[in-house]
Amino acid sequence: MRTIQFREAVCEAMSEEMRRDESVYLMGEEVAEYNGAYKASKGMLDEFGPKRVIDTPIAELGFAGIAVGSAMNGCRPIVEFMTFNFSLVGIDQIINNAAKMRQMSAGQFPMPMVFRGPTASAGQLGATHSQAFENWFANTPGLKVVVPSTVYDAKGLLKAAIRDNDPVIFMESEQMYGDKGEVPEGDYTIPLGVADIKREGTDVTIVSFGKIIKEALAAAEELAKEGISCEIVDLRTVRPMDYETIINSVKKTNRLVVLEEAWPFASVASEITYMVQERAFDYLDAPVQRITTADTPAPYSPTLLKEWLPNANDVIKAVKKVMYKK
């Protein structure tokens, strides 16, 4: 096993798949000459050249549309958005074309493409650069949505996403590109739609995904000191969602807390809560608790931002609430 950074895992995944399949290419703002805004494509221009690692203008609608057209013609594009906040400029191509073309063409046009980049907050970036849209994209039939939380998961899931014949939304985090983790020397993939139990437990299930799961892991460490055993389920893929892993965990622990870095209304947490009450209601010993950001645009003030974001203390309070402990 090697220890590498998250950004290196992303770069390795893309490079390995581009060596494996000449139809794969990368396009986006600053991905080539600048080695990527977050250095996640470092060295790729030198290896693959400007026809396969393409710097684009600041025109997300335009290059998302180019990617859709090229996918219809046999290519496997990887589109990097500098952040998914900017994907809103090109969202018509994602929702109305990429997600629907296979069905509208009666299966004549598979859409093997990946839209990737950072999601959610990354410090004091203001309201328009701190949004999480996992639930927006997951609401759309035809899209797959992946949000890794570790270096190992990022590489294996991204390779699987590039090989997939449907459009995949692959969401990273600006605050995770420097994270380090172990990955194997050889080729590996992680199947989409399979959750991972990051920590075994018996008293309460905590479901989360992406960088915010670190708060759940930190809370579990503190709660263990008080004799509370938390099982942490990392979704990894938001759509298709691995309901079975969640349900089986809830049947074991009889309590559920969902942690998500997004607004509460119509959130991923809401979908999980509905499915658990439908399929495991009789196993619940307490109402489900969800933890999200505040229901406002993200504030710029560091003091307000700290209050706006979910944290480990919020998780501890929610766990104790479902455990009926003070």
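The values are calculated or read from the model by the stated rules, or taken from the named source; none is laboratory data. Please read these numbers as outputs of a predicted model, since none were measured by experiment. A quick note on method: Cβ atoms are made from the backbone with ideal geometry, for glycine too, and the neighbour counts reach across all protein chains shown. For the accessible areas, the whole protein counts, side chains as well, though only heavy atoms, and no ligand, DNA or RNA atoms are used. Shrake-Rupley method; radii C 1.70, N 1.55, O 1.52, S 1.80 Å.
Remarks
- For a label point 7 Å along the Cα-to-beta-carbon line of Lys180, residues of the stretch 132-149 with backbone N under 20 Å: 149
- Cα-derived Rg over Rh, computed across the stretch 249-326 with Rh taken as Kirkwood radius: 1.03
- DSSP-assigned coil residues among chymotrypsin sites (Phe, Trp or Tyr not before Pro) in the stretch 203-281, each with at most 13 further Cβ atoms within 10 Å: Phe265
- Solvent-accessible surface of the chain, taken per residue with a 1.4 Å probe and all protein chains present: 42 Å².
- For the chain, the longest site-free run once GluC sites (Glu not before Pro) in DSSP loop states with at most 14 other Cβ atoms within 10 Å are removed: 34-184
- Of all accessible heavy-atom area on the chain, the percent that carbon and sulfur account for (1.4 Å): 52 percent
- Straight-distance crosslink candidates among lysines, where the alpha carbon sits under 25 Å from Lys51 and sequence neighbours closer than 8 are dropped: Lys39, Lys42, Lys155, Lys159
- Within the chain, helix-based [θ] at 222 nm, where runs of 4 or more DSSP H residues each add -39,500 (n - 2.57), nearest 500: -10000 deg cm²/dmol
- Cross-link partners of Lys214 among aspartates and glutamates, defined as those whose alpha carbon lies under 16 angstrom from its own and excluding same-chain residues fewer than eight positions apart: Asp153, Glu172, Glu174, Asp179, Asp196, Glu200, Glu222, Glu231, Asp234, Glu260, Glu261, Asp314.
- Difference of contour (0.36 nm per residue) and Cα-Cα distance, Arg2 to Ala122: 40.5 nm
- Relative contact order for the stretch 2-183, counting Cα pairs under 8 Å that sit 6 or more residues apart, in percent: 28 percent
- Fully extending the segment from Glu200 to Tyr274 would add 24.3 nm, taking 0.36 nm per residue of separation and subtracting the current Cα-Cα distance.
- The stretch 196-323, relative contact order [Cα under 8 Å, separation at least 6], %: 29 percent
- Each Lys and Arg contributes +1 and each Asp and Glu -1, all at the Cβ; summed about the Cα centre of the stretch 179-326, the dipole is approximately 520 debye.
- Overall, the chain carries a charge dipole of about 500 debye about its Cα centre when +1 sits on the Cβ of Lys and Arg and -1 on the Cβ of Asp and Glu, all other atoms neutral.
- Net length available on complete extension from Asp282 to Asp46 is 79.1 nm, with 0.36 nm assigned per residue and the Cα-Cα distance removed.
- Separation between Cα centres of the stretch 292-313 and the stretch 196-253, rounded to whole Å: 22 Å
- Based on the convex hull around the alpha carbon atoms, the stretch 2-183 presents an average projected area of 9.5 nm².
- Pairwise centroid distance, computed over Cα atoms, of the stretch 119-134 with the stretch 1-78, Å: 23 Å
- Along its first, second and third principal axes, ordered by size, the stretch 196-323 spans 42, 34, 24 Å in Cα coordinates.
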